[in-house]
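Remarks on the structure that follows.
The values are calculated or read from the model by the stated rules, or taken from the named source; none is laboratory data. Predicted, not measured: the structure shown is a model, and the values here were computed from it. Note that we place each Cβ from the backbone using ideal geometry, even for glycine, and neighbour counts take in every protein chain shown.
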Amino acid sequence: MILRTLKNKLAMISAIGLLAYLPMQANAWGMIGHRVVGQIADSYLNAKTRKAIQAILGNESLAMSANWGDFIKSDSAYNYMYNWHFVNLPGGLDKKGIYNILESEQAPNLYNKIIDLTAVLKKSNSTVEEKKLALRMLIHMAGDLSQPMHVAHKEDLGGNRVSVVWFNEKSNLHRVWDEQLIEYQQLSYTEFAKAINHPSAVQLYNWRNTSLKDCIYESYLVCGKIYDYTKPDSKLSYRYNFDWVETLNQQLLKGGVRLAKMLNDIYG
């Protein structure tokens with residue numbers, strides 16, 4: 001009995017040790033944020049696109065589907081997807097430097113996998129299961145695309161190693177942008193989407209006509225400002241929310257508008 005208990009404790013310690021080494025960079029926006037992006041995107045789908053999506057997902061809404069890419073992390077069979085959620089970029093790059101990395105990087109990342117998933121959805125001979133996986137992941141990754149800390153620095157795991165204090169709670173920069181800044185608004189995902197889904201005609205035109213590379217470049221610029229503003233061990237609270245909530249809202253809104261554009265381009 002004692003030996004069995006000891007073995008169980010050792011197994012638990014080993015599991016915790018392994019978890020410490022698992023990539024932390026693959027989370028984005030948290031559940032509420034991803035659902036906000038999906039909810040907003042739903043309002044800009046055309047009828048043909050909506051019908052095509054329903055044929056694949058059935059009654060699963062974009063908002064509900066948006067978190068599938070994080071839910072599957074509980075299944076080790078999907079571990080190969082962890083680096084689809086982000087692209088590591090060093091600081092100080094100009095647009096050409098960003099383009100060079102995106103065009104030359106062969107390892108799976110947010111940029112090249114969005115291209116691959118789009119191709120799967122466009123191919124007439126893709127299986128139903130291939131299309132379902134590709135569509136769910138594309139919905140999720142369009143949200144990742146607008147999360148600035150997903151085009152962040154490899155050395156700090158996208159801000160996961162940048163320790164901060166959020167309203168007297170130990171946290172890190174990535175977690176603040178994934179969840180805590182969003183949760184501080186105290187809105188459901190439907191309330192949040194309704195509150196911010198008011199883009200101007202100019203914004204709609206610009207966001208719908210931005211290339212995938214430029215979407216990443218835009219997030220990279222925002223990420224750089226976040227790094228500059230948020231020093232390690234900063235104590236963040238009301239002022240941080242005041243200074244960054246408009247940026248947060250715009251990134252979520254961009255994510256929804258651009259996801260709808262991707263889907264309408266595939267099916268419309």
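Here are some notes:
- Screening Asn59 on (1) more than 20 Å from the chain's Cα centre (by Cα); (2) part of a helix (DSSP H, G or I); (3) without any contact (Cβ under 8 Å) to a residue 60 or more places away in the chain shows it passes everything except condition (2).
- Number of the condition not met by Gln106 [criteria: (1) closer than 19 Å to Val151 by Cα; (2) outside any loop (DSSP other than H, G, I, E, B)]: (2)
- When Gly143, Gly159 are screened for being touching a helix residue (DSSP H, G or I) at 6+ places or on another chain (Cβ under 6 Å), surrounded by 22 or more Cβ atoms within 10 Å (Cβ to Cβ), closer than 16 Å to Ala260 by Cβ and not aromatic (Phe, Trp, Tyr), only Gly143 passes.
- The condition (being in a helix (DSSP H, G or I), modelled with pLDDT under 95 and within 30 Å of His198 (Cβ to Cβ)) is satisfied by just one residue among Gly38, Gly17, Gly69: Gly69.
- Between His198, His174, the distinction of being buried (at least 24 other Cβ atoms within 10 Å of the Cβ) and closer than 28 Å to Asp42 by Cα belongs to His174 only.
- Checking each residue in the range 74-102 for being in a helix (DSSP H, G or I), charged (D, E, K, R) and either under 15 Å from Val151 (Cα atoms) or within 19 Å of the chain's Cα centre (by Cα) (or both) picks out only Lys95.
One line per residue, one yes/no per condition, for (1) in contact with an Asp or Glu (Cβ under 6 Å, 6 or more places away or on another chain); (2) of a type outside the set (A, V, I, L, M, F, W, C); (3) crowded, with 17+ Cβ neighbours inside 10 Å:
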position	(1), (2), (3)
Val165	no, no, no
Asn168	no, yes, no
Glu191	no, yes, no
Lys194	no, yes, no
Tyr220	no, yes, yes
Gly224	no, yes, yes
Tyr238	no, yes, no
Thr247	no, yes, no
Leu263	no, no, yes
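- Residues considered: Lys113, Lys131, Lys96, Lys122. Of these, the only one that is without any contact (Cβ under 8 Å) to a residue 12 or more places away in the chain and surrounded by fewer than 22 Cβ atoms within 10 Å (Cβ to Cβ) is Lys96.
- Which listed residue, of Asp243, Asp233, is without any contact (Cβ under 8 Å) to a residue 40 or more places away in the chain, surrounded by fewer than 20 Cβ atoms within 10 Å (Cβ to Cβ) and either within 21 Å of Gln186 (Cα to Cα) or among the charged types (D, E, K, R) (or both): Asp243
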